[in-house]
Amino acid sequence: MTGVLVAKVHGSDATRAAIYCRISEDTRGQGHGVARQQEDCTALADARGWVVAETFTDNDISAFRGRQRPAYEALMAAVQRGEVDWVVAYGLSRLWRNRRERADGMEILSKARVSVALVKGSDLDLTSAAGRMYAGVLGEFDTAESEIKAERIARAARQRAEEGRANGACAYGWRRDYQLDEKGRVVAWTDVVDEPAAKVVQGIVQDLLAGIPLRSVTARLNAEGLRSPLGKRWIPSSVRKLAVRDLNVGVRRHGDQTYAASWEPIVDEGDHLRVKALLADPARRTQRAASRTHLLTFGVGKCGVCQGVLAVSRKGPPGKKQPLYVCKAAGCVGRREDWVDELVARTLCQRLSQPDAAEVFRSDEGADVDAARQLVVQLRARLDDAADAYADGEIDREQLRRITDRLRPELETAEQRAQPPAGMPAGIE
(Lines give C-alpha, C1' and ligand atoms only; values in the text may rest on other atoms or scores of the structure.)
Protein backbone atom coordinates (compact mmCIF):
# COMPACT_ATOMS: atom_id res chain seq x y z
CA MET A 1 0.00 0.00 0.00
CA THR A 2 1.47 3.38 -0.97
CA GLY A 3 1.82 6.38 1.27
CA VAL A 4 -1.06 8.20 -0.49
CA LEU A 5 -3.49 5.31 0.09
CA VAL A 6 -2.47 4.90 3.75
CA ALA A 7 -3.02 8.60 4.39
CA LYS A 8 -6.58 8.35 3.08
CA VAL A 9 -7.31 5.43 5.38
CA HIS A 10 -6.05 7.21 8.46
CA GLY A 11 -7.23 10.66 7.52
CA SER A 12 -5.67 13.58 5.66
CA ASP A 13 -3.71 14.70 8.73
CA ALA A 14 -1.82 11.43 9.16
CA THR A 15 1.96 11.83 9.12
CA ARG A 16 3.34 9.54 6.45
CA ALA A 17 6.68 7.90 7.16
CA ALA A 18 8.84 6.02 4.68
CA ILE A 19 11.30 3.55 6.19
CA TYR A 20 14.63 2.99 4.45
CA CYS A 21 16.82 0.00 5.36
CA ARG A 22 20.19 -0.93 3.90
CA ILE A 23 23.09 -3.20 4.68
CA SER A 24 26.35 -3.24 2.72
CA GLU A 25 27.24 -6.93 2.86
CA ASP A 26 24.92 -9.90 2.99
CA THR A 27 26.68 -12.50 0.89
CA ARG A 28 24.15 -15.21 1.77
CA GLY A 29 21.17 -12.99 1.02
CA GLN A 30 19.42 -13.87 4.26
CA GLY A 31 18.32 -10.29 4.99
CA HIS A 32 18.67 -10.55 8.77
CA GLY A 33 20.38 -7.16 9.04
CA VAL A 34 17.75 -5.19 7.14
CA ALA A 35 15.00 -7.07 9.00
CA ARG A 36 16.39 -5.84 12.32
CA GLN A 37 16.60 -2.28 10.96
CA GLN A 38 13.01 -2.42 9.74
CA GLU A 39 11.79 -3.66 13.12
CA ASP A 40 13.52 -0.80 14.99
CA CYS A 41 12.42 1.85 12.46
CA THR A 42 8.82 0.65 12.62
CA ALA A 43 8.91 0.87 16.42
CA LEU A 44 10.13 4.49 16.18
CA ALA A 45 7.35 5.43 13.75
CA ASP A 46 4.71 3.75 15.90
CA ALA A 47 5.97 5.53 19.02
CA ARG A 48 5.42 8.87 17.27
CA GLY A 49 2.05 7.95 15.87
CA TRP A 50 3.19 8.03 12.26
CA VAL A 51 1.74 5.87 9.52
CA VAL A 52 4.33 3.78 7.69
CA ALA A 53 3.45 4.43 4.05
CA GLU A 54 6.09 2.13 2.60
CA THR A 55 9.36 0.40 3.45
CA PHE A 56 12.29 0.56 1.02
CA THR A 57 15.08 -1.99 1.34
CA ASP A 58 18.48 -2.30 -0.36
CA ASN A 59 20.20 -5.48 0.82
CA ASP A 60 23.88 -6.22 0.18
CA ILE A 61 24.52 -2.85 -1.53
CA SER A 62 27.19 -0.34 -0.55
CA ALA A 63 26.32 3.34 -0.34
CA PHE A 64 29.95 4.51 -0.47
CA ARG A 65 30.99 3.84 -4.08
CA GLY A 66 27.91 5.34 -5.68
CA ARG A 67 26.46 2.07 -6.89
CA GLN A 68 22.88 1.98 -8.04
CA ARG A 69 20.44 1.48 -5.18
CA PRO A 70 17.00 0.71 -6.63
CA ALA A 71 15.07 1.06 -3.38
CA TYR A 72 16.80 4.34 -2.49
CA GLU A 73 15.95 5.74 -5.92
CA ALA A 74 12.34 4.65 -5.43
CA LEU A 75 12.33 6.40 -2.03
CA MET A 76 13.57 9.67 -3.54
CA ALA A 77 10.95 9.39 -6.29
CA ALA A 78 8.22 8.96 -3.67
CA VAL A 79 9.53 12.02 -1.83
CA GLN A 80 9.42 14.09 -5.01
CA ARG A 81 5.85 12.96 -5.68
CA GLY A 82 4.85 14.29 -2.26
CA GLU A 83 4.00 10.88 -0.78
CA VAL A 84 6.31 11.14 2.26
CA ASP A 85 6.47 13.47 5.28
CA TRP A 86 9.36 11.82 7.15
CA VAL A 87 12.11 9.40 6.22
CA VAL A 88 12.98 6.96 9.01
CA ALA A 89 16.36 5.17 8.99
CA TYR A 90 18.41 3.27 11.53
CA GLY A 91 21.35 5.67 11.15
CA LEU A 92 22.40 8.42 8.74
CA SER A 93 25.06 6.14 7.25
CA ARG A 94 22.24 3.83 6.06
CA LEU A 95 21.04 6.66 3.83
CA TRP A 96 24.30 8.20 2.64
CA ARG A 97 28.03 7.61 2.65
CA ASN A 98 28.84 9.09 -0.73
CA ARG A 99 29.30 12.89 -0.73
CA ARG A 100 27.65 13.54 -4.07
CA GLU A 101 24.68 11.29 -3.31
CA ARG A 102 24.28 12.90 0.10
CA ALA A 103 24.24 16.41 -1.39
CA ASP A 104 21.69 15.42 -4.03
CA GLY A 105 19.52 13.62 -1.49
CA MET A 106 19.53 16.51 0.95
CA GLU A 107 18.54 18.85 -1.87
CA ILE A 108 15.59 16.64 -2.81
CA LEU A 109 14.40 16.30 0.80
CA SER A 110 14.83 20.01 1.46
CA LYS A 111 12.72 21.02 -1.55
CA ALA A 112 10.03 18.50 -0.60
CA ARG A 113 10.03 19.74 3.04
CA VAL A 114 10.83 16.22 4.27
CA SER A 115 13.06 15.57 7.28
CA VAL A 116 14.88 12.50 8.60
CA ALA A 117 14.31 10.61 11.87
CA LEU A 118 17.04 8.24 13.05
CA VAL A 119 16.78 5.30 15.42
CA LYS A 120 20.41 5.83 16.41
CA GLY A 121 20.73 9.60 16.30
CA SER A 122 18.81 12.86 16.42
CA ASP A 123 16.13 14.08 14.05
CA LEU A 124 17.51 16.06 11.12
CA ASP A 125 15.35 19.02 10.10
CA LEU A 126 16.33 19.37 6.45
CA THR A 127 13.91 22.26 5.98
CA SER A 128 16.31 24.57 7.85
CA ALA A 129 19.85 25.70 7.10
CA ALA A 130 21.03 24.62 10.55
CA GLY A 131 19.54 21.16 10.12
CA ARG A 132 21.17 20.73 6.71
CA MET A 133 24.50 21.87 8.12
CA TYR A 134 24.25 19.33 10.95
CA ALA A 135 23.34 16.57 8.52
CA GLY A 136 26.28 17.53 6.31
CA VAL A 137 28.74 17.44 9.22
CA LEU A 138 27.48 14.05 10.42
CA GLY A 139 27.59 12.75 6.86
CA GLU A 140 31.23 13.76 6.49
CA PHE A 141 32.11 11.58 9.48
CA ASP A 142 30.36 8.64 7.80
CA THR A 143 32.18 9.29 4.51
CA ALA A 144 35.51 9.66 6.26
CA GLU A 145 34.97 6.38 8.10
CA SER A 146 34.38 4.59 4.79
CA GLU A 147 37.38 6.25 3.14
CA ILE A 148 39.69 5.41 6.03
CA LYS A 149 38.48 1.81 5.93
CA ALA A 150 39.05 1.66 2.17
CA GLU A 151 42.58 3.06 2.55
CA ARG A 152 43.35 0.55 5.29
CA ILE A 153 42.08 -2.36 3.17
CA ALA A 154 44.02 -1.14 0.12
CA ARG A 155 47.23 -0.78 2.13
CA ALA A 156 46.86 -4.28 3.57
CA ALA A 157 46.25 -5.67 0.06
CA ARG A 158 49.40 -3.96 -1.21
CA GLN A 159 51.41 -5.36 1.68
CA ARG A 160 50.20 -8.87 0.89
CA ALA A 161 51.20 -8.36 -2.73
CA GLU A 162 54.67 -7.11 -1.77
CA GLU A 163 55.10 -10.19 0.39
CA GLY A 164 53.94 -12.38 -2.50
CA ARG A 165 50.96 -13.68 -0.56
CA ALA A 166 47.54 -14.34 -2.07
CA ASN A 167 44.77 -11.82 -1.57
CA GLY A 168 41.81 -13.93 -0.60
CA ALA A 169 41.03 -17.59 -1.05
CA CYS A 170 43.67 -20.05 -2.17
CA ALA A 171 43.90 -20.23 -5.96
CA TYR A 172 43.04 -23.39 -7.90
CA GLY A 173 46.20 -25.49 -8.22
CA TRP A 174 47.31 -24.98 -4.63
CA ARG A 175 46.01 -25.75 -1.16
CA ARG A 176 46.44 -23.71 1.98
CA ASP A 177 48.31 -25.01 5.04
CA TYR A 178 47.55 -23.10 8.22
CA GLN A 179 49.83 -22.60 11.21
CA LEU A 180 47.99 -22.42 14.53
CA ASP A 181 49.03 -21.20 17.95
CA GLU A 182 48.44 -23.08 21.20
CA LYS A 183 44.84 -21.81 21.31
CA GLY A 184 44.05 -22.99 17.80
CA ARG A 185 44.14 -19.53 16.26
CA VAL A 186 45.58 -19.01 12.77
CA VAL A 187 48.88 -17.14 12.98
CA ALA A 188 50.19 -17.80 9.46
CA TRP A 189 49.51 -19.83 6.34
CA THR A 190 51.32 -21.12 3.29
CA ASP A 191 49.98 -22.06 -0.15
CA VAL A 192 51.49 -25.34 -1.39
CA VAL A 193 50.95 -27.17 -4.67
CA ASP A 194 47.82 -29.31 -4.87
CA GLU A 195 49.06 -31.98 -7.28
CA PRO A 196 45.69 -33.13 -8.75
CA ALA A 197 44.55 -29.58 -9.45
CA ALA A 198 47.99 -28.52 -10.68
CA LYS A 199 47.96 -31.37 -13.20
CA VAL A 200 44.62 -30.14 -14.51
CA VAL A 201 46.10 -26.68 -15.15
CA GLN A 202 49.22 -28.15 -16.73
CA GLY A 203 47.10 -30.39 -18.95
CA ILE A 204 45.06 -27.42 -20.15
CA VAL A 205 48.22 -25.51 -21.10
CA GLN A 206 49.77 -28.47 -22.90
CA ASP A 207 46.58 -29.23 -24.83
CA LEU A 208 46.28 -25.64 -26.03
CA LEU A 209 49.93 -25.50 -27.08
CA ALA A 210 49.38 -28.75 -28.98
CA GLY A 211 46.75 -27.01 -31.08
CA ILE A 212 43.66 -28.47 -29.44
CA PRO A 213 40.80 -25.93 -29.61
CA LEU A 214 39.63 -24.34 -26.38
CA ARG A 215 36.17 -25.85 -26.69
CA SER A 216 37.62 -29.32 -27.16
CA VAL A 217 39.73 -28.91 -24.03
CA THR A 218 36.61 -27.83 -22.17
CA ALA A 219 34.68 -30.84 -23.44
CA ARG A 220 37.48 -33.19 -22.33
CA LEU A 221 37.46 -31.81 -18.78
CA ASN A 222 33.70 -32.26 -18.51
CA ALA A 223 33.86 -35.74 -20.04
CA GLU A 224 36.41 -36.76 -17.40
CA GLY A 225 34.02 -35.65 -14.68
CA LEU A 226 36.35 -32.94 -13.38
CA ARG A 227 34.88 -29.89 -11.71
CA SER A 228 35.84 -26.26 -12.24
CA PRO A 229 37.35 -24.19 -9.40
CA LEU A 230 33.78 -23.19 -8.46
CA GLY A 231 32.65 -26.80 -8.37
CA LYS A 232 30.60 -26.52 -11.57
CA ARG A 233 30.92 -27.71 -15.15
CA TRP A 234 33.75 -26.17 -17.14
CA ILE A 235 33.05 -23.45 -19.68
CA PRO A 236 35.59 -22.09 -22.22
CA SER A 237 36.04 -18.80 -20.38
CA SER A 238 36.99 -20.53 -17.11
CA VAL A 239 39.45 -22.79 -18.95
CA ARG A 240 41.00 -19.81 -20.69
CA LYS A 241 41.33 -17.89 -17.43
CA LEU A 242 43.21 -20.76 -15.80
CA ALA A 243 45.54 -21.07 -18.78
CA VAL A 244 46.66 -17.43 -18.93
CA ARG A 245 46.79 -16.33 -15.28
CA ASP A 246 50.22 -15.21 -14.10
CA LEU A 247 49.71 -17.07 -10.83
CA ASN A 248 50.72 -20.22 -12.73
CA VAL A 249 54.35 -19.03 -12.98
CA GLY A 250 54.57 -17.53 -9.50
CA VAL A 251 53.83 -13.93 -10.44
CA ARG A 252 51.65 -11.85 -8.13
CA ARG A 253 49.96 -8.77 -9.63
CA HIS A 254 48.70 -5.75 -7.74
CA GLY A 255 47.52 -2.84 -9.85
CA ASP A 256 50.25 -2.12 -12.40
CA GLN A 257 52.95 -3.80 -10.30
CA THR A 258 54.15 -7.39 -10.33
CA TYR A 259 55.78 -9.23 -7.45
CA ALA A 260 57.38 -12.62 -6.95
CA ALA A 261 54.77 -14.91 -5.42
CA SER A 262 55.42 -16.94 -2.30
CA TRP A 263 53.93 -20.09 -3.84
CA GLU A 264 55.65 -22.58 -6.13
CA PRO A 265 55.00 -22.20 -9.90
CA ILE A 266 53.09 -25.00 -11.60
CA VAL A 267 53.67 -24.05 -15.27
CA ASP A 268 56.91 -23.54 -17.19
CA GLU A 269 57.49 -19.84 -17.87
CA GLY A 270 58.13 -20.42 -21.58
CA ASP A 271 54.91 -22.40 -21.95
CA HIS A 272 53.06 -19.67 -20.08
CA LEU A 273 54.25 -16.95 -22.46
CA ARG A 274 53.39 -19.05 -25.49
CA VAL A 275 49.89 -19.92 -24.35
CA LYS A 276 49.16 -16.26 -23.51
CA ALA A 277 50.32 -15.20 -26.96
CA LEU A 278 48.27 -17.97 -28.54
CA LEU A 279 45.02 -17.03 -26.83
CA ALA A 280 45.57 -13.28 -27.36
CA ASP A 281 46.23 -13.62 -31.10
CA PRO A 282 43.38 -11.75 -32.91
CA ALA A 283 43.89 -13.97 -35.96
CA ARG A 284 43.06 -17.06 -33.92
CA ARG A 285 39.69 -18.59 -34.80
CA THR A 286 37.68 -18.79 -31.61
CA GLN A 287 34.55 -20.32 -33.11
CA ARG A 288 34.16 -23.13 -35.58
CA ALA A 289 33.00 -21.79 -38.92
CA ALA A 290 29.75 -23.17 -40.21
CA SER A 291 30.22 -25.64 -43.05
CA ARG A 292 29.29 -24.23 -46.47
CA THR A 293 26.97 -26.49 -48.42
CA HIS A 294 26.84 -24.33 -51.56
CA LEU A 295 29.78 -22.37 -52.89
CA LEU A 296 28.05 -19.19 -54.07
CA THR A 297 25.18 -18.72 -51.61
CA PHE A 298 24.98 -16.22 -48.69
CA GLY A 299 25.88 -13.29 -50.93
CA VAL A 300 29.08 -14.71 -52.44
CA GLY A 301 27.58 -15.03 -55.93
CA LYS A 302 25.38 -12.40 -57.58
CA CYS A 303 22.87 -12.33 -60.38
CA GLY A 304 24.39 -10.94 -63.58
CA VAL A 305 21.11 -9.23 -64.49
CA CYS A 306 19.89 -7.50 -61.31
CA GLN A 307 22.83 -8.00 -58.92
CA GLY A 308 20.59 -9.95 -56.55
CA VAL A 309 22.05 -12.72 -54.40
CA LEU A 310 21.97 -16.34 -55.52
CA ALA A 311 20.08 -19.17 -53.90
CA VAL A 312 19.89 -22.88 -54.66
CA SER A 313 16.76 -24.42 -56.10
CA ARG A 314 16.07 -28.04 -57.00
CA LYS A 315 13.62 -28.43 -59.86
CA GLY A 316 12.85 -31.20 -62.30
CA PRO A 317 11.08 -34.53 -62.50
CA PRO A 318 11.46 -37.03 -59.62
CA GLY A 319 14.87 -38.68 -59.66
CA LYS A 320 16.29 -36.10 -62.08
CA LYS A 321 16.28 -32.94 -59.97
CA GLN A 322 19.36 -30.78 -60.52
CA PRO A 323 20.46 -28.15 -57.97
CA LEU A 324 20.40 -24.77 -59.72
CA TYR A 325 21.78 -21.38 -58.76
CA VAL A 326 18.86 -19.01 -59.22
CA CYS A 327 18.37 -15.31 -58.63
CA LYS A 328 16.72 -15.04 -55.25
CA ALA A 329 15.33 -11.58 -55.94
CA ALA A 330 13.52 -12.02 -59.26
CA GLY A 331 14.44 -15.39 -60.71
CA CYS A 332 16.42 -13.73 -63.52
CA VAL A 333 18.82 -16.64 -64.06
CA GLY A 334 19.12 -20.34 -63.39
CA ARG A 335 22.37 -22.29 -63.80
CA ARG A 336 23.38 -25.79 -62.82
CA GLU A 337 25.23 -25.65 -59.53
CA ASP A 338 27.87 -28.26 -60.32
CA TRP A 339 28.76 -26.62 -63.66
CA VAL A 340 29.05 -23.16 -62.08
CA ASP A 341 31.13 -24.45 -59.15
CA GLU A 342 33.51 -26.17 -61.54
CA LEU A 343 33.89 -22.96 -63.57
CA VAL A 344 34.52 -20.91 -60.43
CA ALA A 345 37.16 -23.33 -59.18
CA ARG A 346 39.02 -23.33 -62.53
CA THR A 347 38.87 -19.53 -62.75
CA LEU A 348 40.24 -19.03 -59.23
CA CYS A 349 43.02 -21.58 -59.69
CA GLN A 350 44.05 -19.89 -62.95
CA ARG A 351 44.04 -16.43 -61.37
CA LEU A 352 45.98 -17.52 -58.30
CA SER A 353 48.63 -19.16 -60.49
CA GLN A 354 49.56 -15.81 -62.07
CA PRO A 355 52.80 -14.07 -60.90
CA ASP A 356 50.91 -11.07 -59.55
CA ALA A 357 48.41 -13.14 -57.51
CA ALA A 358 49.94 -12.02 -54.23
CA GLU A 359 49.02 -8.42 -55.05
CA VAL A 360 45.38 -9.33 -54.51
CA PHE A 361 46.09 -9.75 -50.80
CA ARG A 362 48.33 -6.73 -50.35
CA SER A 363 47.28 -3.33 -49.15
CA ASP A 364 48.88 -0.06 -48.14
CA GLU A 365 46.94 -0.49 -44.90
CA GLY A 366 49.08 -3.44 -43.84
CA ALA A 367 51.06 -1.44 -41.30
CA ASP A 368 47.87 -0.05 -39.78
CA VAL A 369 46.44 -3.56 -39.52
CA ASP A 370 49.56 -4.81 -37.72
CA ALA A 371 49.40 -1.89 -35.30
CA ALA A 372 45.72 -2.55 -34.65
CA ARG A 373 46.45 -6.23 -33.97
CA GLN A 374 49.11 -5.28 -31.45
CA LEU A 375 46.62 -2.94 -29.76
CA VAL A 376 44.05 -5.75 -29.63
CA VAL A 377 46.57 -7.96 -27.85
CA GLN A 378 47.37 -5.19 -25.35
CA LEU A 379 43.72 -4.35 -24.63
CA ARG A 380 42.76 -8.00 -24.16
CA ALA A 381 45.69 -8.44 -21.81
CA ARG A 382 44.52 -5.42 -19.77
CA LEU A 383 40.99 -6.84 -19.56
CA ASP A 384 42.41 -10.20 -18.48
CA ASP A 385 44.51 -8.50 -15.82
CA ALA A 386 41.45 -6.64 -14.55
CA ALA A 387 39.48 -9.89 -14.36
CA ASP A 388 42.30 -11.55 -12.42
CA ALA A 389 42.54 -8.54 -10.08
CA TYR A 390 38.81 -8.80 -9.36
CA ALA A 391 39.10 -12.55 -8.76
CA ASP A 392 41.98 -11.92 -6.36
CA GLY A 393 40.04 -9.24 -4.48
CA GLU A 394 42.39 -6.41 -5.51
CA ILE A 395 39.56 -4.42 -7.10
CA ASP A 396 35.82 -4.49 -6.50
CA ARG A 397 32.96 -5.13 -8.91
CA GLU A 398 32.40 -1.43 -9.64
CA GLN A 399 36.05 -0.86 -10.50
CA LEU A 400 35.98 -3.90 -12.80
CA ARG A 401 32.88 -2.54 -14.52
CA ARG A 402 34.49 0.87 -15.06
CA ILE A 403 37.63 -0.70 -16.52
CA THR A 404 35.58 -2.93 -18.82
CA ASP A 405 33.28 -0.10 -19.95
CA ARG A 406 36.32 2.00 -20.82
CA LEU A 407 38.33 -0.67 -22.65
CA ARG A 408 35.56 -2.54 -24.48
CA PRO A 409 34.82 0.25 -27.03
CA GLU A 410 38.56 0.63 -27.73
CA LEU A 411 38.87 -3.13 -28.19
CA GLU A 412 35.92 -3.31 -30.59
CA THR A 413 37.35 -0.46 -32.67
CA ALA A 414 40.80 -2.06 -32.72
CA GLU A 415 39.34 -5.44 -33.70
CA GLN A 416 37.57 -3.83 -36.66
CA ARG A 417 40.80 -2.13 -37.78
CA ALA A 418 42.70 -5.40 -37.32
CA GLN A 419 40.64 -7.15 -40.00
CA PRO A 420 42.66 -7.70 -43.20
CA PRO A 421 41.57 -5.45 -46.08
CA ALA A 422 39.35 -7.03 -48.66
CA GLY A 423 41.38 -7.85 -51.76
CA MET A 424 39.19 -10.37 -53.59
CA PRO A 425 36.36 -9.41 -55.95
CA ALA A 426 33.10 -8.63 -54.21
CA GLY A 427 31.21 -11.40 -55.95
CA ILE A 428 31.08 -13.76 -58.90
CA GLU A 429 28.38 -13.11 -61.47
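The values are calculated or read from the model by the stated rules, or taken from the named source; none is laboratory data. None of the values given here were measured: they were computed from a predicted structure. Every residue, glycine among them, receives a Cβ derived from its backbone with ideal geometry; neighbour counts consider all protein chains shown. Only protein heavy atoms, including side chains, enter the accessible area calculation; ligands, DNA and RNA are left aside. Shrake-Rupley method; radii C 1.70, N 1.55, O 1.52, S 1.80 Å.
Details
- Förster radius 25 Å - calculated FRET efficiency between R113 and R48, Cβ distance, rounded to 0.05: 0.90
- Full extension of the chain between V193 and D256 gives 20.1 nm of extra length, using 0.36 nm per residue less the Cα-Cα distance.
- Legend: residue pairs K232/K276; K199/K232; K120/K183; K149/K199, Cα-Cα distance threshold 29 Å; pairs beyond threshold, K120/K183; K149/K199.
- Think of segment 105-216 as a dipole: +1 on every Lys or Arg Cβ, -1 on every Asp or Glu Cβ, centred on the Cα centre; then among M106, A197, G136, M106 lies furthest on the positive end.
- Measuring between their Cα centroids, segment 46-106 and segment 198-240 lie 47 Å from each other.
- Candidate cross-link partners of K111 among the aspartates and glutamates, defined by an alpha-carbon separation under 19 Å and a same-chain spacing of 8 or more, comprise E73, E83, D85, E101, D123, D125.
- Residue among Q159, P70, Q37 farthest towards the positive dipole end of segment 19-159, charges placed on Cβ: Q159
- Distance between modelled label sites at R406 and D341, nm, 7 Å Cα→Cβ extension: 5.2
- Between E39 and A74, residue separation times 0.36 nm minus the direct Cα-Cα distance comes to 10.6 nm.
- Element breakdown for segment 199-258 at a 1.4 angstrom probe: carbon and sulfur atoms account for 53% of the accessible area.
- Rounded to the nearest 20, the size of the Cβ-charge dipole of segment 98-189 about its Cα centre is 260 debye, with Lys and Arg at +1 and Asp and Glu at -1.
- Highest mean packing comes first when the peptides 155-164, 82-91 are listed by Cβ atoms within 10 Å, giving 82-91, 155-164.
- The aspartates and glutamates within cross-link reach of K302, meaning a Cα-to-Cα straight distance under 17 Å and a gap of 8 or more places when in the same chain, are E337, D338, D341, E342, E429.
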